[in-house]
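The values are calculated or read from the model by the stated rules, or taken from the named source; none is laboratory data. Please read these numbers as outputs of a predicted model, since none were measured by experiment. A quick note on method: Cβ atoms are made from the backbone with ideal geometry, for glycine too, and the neighbour counts reach across all protein chains shown. Side chains included, ligands, DNA and RNA excluded: accessible areas come from the protein's heavy atoms. Shrake-Rupley method; radii C 1.70, N 1.55, O 1.52, S 1.80 Å.
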Amino acid sequence: TPSNSSAASDVYKRQNLFSRYALGLLIVAASYFLLMPAAAQGHGFSAMWVFGSVALTAVGEVLISPVTYGVTNRLAPKSFESQMMSLWLLSNSVAQSINAVTAPLFISNANLYFMIFAIIPMIFAVILFIFRKPLLNLVEN
């Protein structure tokens, strides 16, 4: 029946919620790993390296943002949905500010910069993947 297939689809989507987020984080990490060989050259490199990195980041973002918006709307009380969404967007701007402040510290070692920004999302992806079932139980309750 249509209602059973819809219910099965909803269960499938919920089960993969945090797995998709973790996959998005891994793809973002891969985008920084992609830039490491180019940064190791120590001088200018082809724009194709940057294009490839931005393309991977965009794919990762497509997996991360919808999950975040969905979880934010599901977990926040109705009266606080807009504040929670604003908090998510604010966290992005704070992260970009931290990036802008720390980037000049790595001018002499761009490879280290890209390695740090690759390892951090990898760590969070592994943690999220390990705890995906308990997190899913929290979301469902």
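Structure notes:
- Only listed residue being out of contact with any strand residue (DSSP E or B) (no Cβ under 9 Å at 6 or more places or on another chain), of a type in the set (S, T, N, Q), open to solvent by less than 80 Å² (accessible area, probe 1.4 Å) and within 30 Å of PRO37 (Cα to Cα), chosen from THR72, THR68, THR102: THR102
- Condition met for ALA7 (farther than 25 Å from ILE119 by Cα, at pLDDT below 90 and part of a helix (DSSP H, G or I)): yes
- Out of LEU56, LEU89, one residue alone is under 25 Å from ARG20 (Cβ atoms), in contact (Cβ under 8 Å) with a residue 12 or more places away in the chain and assigned to a helix (DSSP H, G or I). It is LEU56.
- Residues of region 110-141 that are at pLDDT below 90, of a type outside the set (A, V, I, L, M, F, W, C) and surrounded by 13 or more Cβ atoms within 10 Å (Cβ to Cβ): ASN111, TYR113, ARG132.
- Region 105-120 residues that are more than 15 Å from PHE45 (Cβ to Cβ), paired with ones that are surrounded by 13 or more Cβ atoms within 10 Å (Cβ to Cβ) and aromatic (Phe, Trp, Tyr) (beta carbon under 7 Å, 6 or more apart): PHE106/TYR113; LEU112/PHE106; PHE117/TYR32; ALA118/TYR32; ALA118/PHE33
- For SER65, the stated conditions hold: it is under 23 Å from ARG132 (Cβ atoms) and out of contact with any Phe, Trp or Tyr (no Cβ under 6 Å at 6 or more places or on another chain).
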